[in-house]
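The values are calculated or read from the model by the stated rules, or taken from the named source; none is laboratory data. What you are looking at is a predicted structure, and each value in this text was computed from that prediction instead of being measured. Reconstructed Cβ throughout: ideal geometry from the backbone, glycine too, with neighbour counts over all protein chains shown.
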Amino acid sequence: MNKKVLIINANPDKESLGHELAQAYMRGARSAGAEAKLVNLIDLDFDPVLRTGFKKVHELEPDLIMMQNEIKEADHLVFVYPNWWGTFPALLKGFFDRVFLPKFAFEYQKNSPLPKKLLTGRSARAIVTMDTPIWYYWLIYKMPGHNSVRNCILKFCGINPVKFTSFYPVRHADGNKRKNG
């Protein structure tokens, strides 16, 4: 049985390095025998705002229902996004808010401060483009975006292990630099 890989590109710019990296990951996964699908969040039709938190059930748009089904079927999730303001784009935050919901990604439990993790059995990789050197991001900023995605979102829901690949600096990366690393 082939491993199912779901690649979620959260860079809204389809001419970005992130978009190229997402496509390259898909080609690599397929050449390794995996069943791989790439979704560009910018192409989905959904309201990224969780308007009342978890107070009431929000109707999910068809694209979000489709994404929940894709996540359920996936063995490995790949999130590709730029590091903006130390974390990730609002588009990805809105996606997490609207898709990784109680009863889908986690479930609160009586008599326990910890939730039941509903997305166990999956691994993840985040591919992050940034201009900040990784040593500075780690030492000075304490890696807020990486920590949030790894610990507060994915591991919170049971996705583990979560690994990161960071590309930097990308601000002045031309075609030659992109090809040659």
L38: passes all of (1) free of Cβ contacts under 8 Å to residues at least 60 places away in the same chain; (2) assigned to a loop (DSSP other than H, G, I, E, B) but (2)
In the stretch 41-82, the residues that are assigned to a loop (DSSP other than H, G, I, E, B) and under 19 Å from L154 (Cβ atoms): P48, L50, F54, A74, D75
Is it the case that Y108 is closer than 25 Å to V49 by Cβ and modelled with pLDDT under 95? yes
Only unsatisfied item for P133, checking (1) in contact with a Pro (Cβ under 8 Å, 6 or more places away or on another chain); (2) within 24 Å of K3 (Cβ to Cβ); (3) not polar (S, T, N, Q), is (2)
Looking at the stretch 161-172 only, could you name the residues that are surrounded by fewer than 16 Cβ atoms within 10 Å (Cβ to Cβ) and in contact (Cβ under 8 Å) with a residue 12 or more places away in the chain? P161, K163, T165, P169, R171
Can you give me the number of residues within the stretch 67-88 that are without any contact (Cβ under 8 Å) to a residue 12 or more places away in the chain and farther than 22 Å from E15 by Cβ? 2
All positions within the stretch 153-170 that are out of contact with any Ser or Thr (no Cβ under 6 Å at 6 or more places or on another chain) and in a loop (DSSP other than H, G, I, E, B): I159, N160, Y168, P169
Qualifying positions in the stretch 111-130 - at pLDDT below 95 and more than 19 Å from L154 (Cα to Cα): N111, S112
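Table: residues versus (1) farther than 29 Å from K142 by Cα; (2) of a type in the set (A, V, I, L, M); (3) within 14 Å of the chain's Cα centre (by Cα).
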site	(1), (2), (3)
N11	no, no, yes
S16	no, no, no
G33	yes, no, no
F46	yes, no, no
K56	yes, no, no
Y81	no, no, yes
Please state which one of A90, A29 is at pLDDT 95 or above, out of contact with any helix residue (DSSP H, G or I) (no Cβ under 9 Å at 6 or more places or on another chain), buried (at least 19 other Cβ atoms within 10 Å of the Cβ) and closer than 21 Å to I127 by Cα. A29
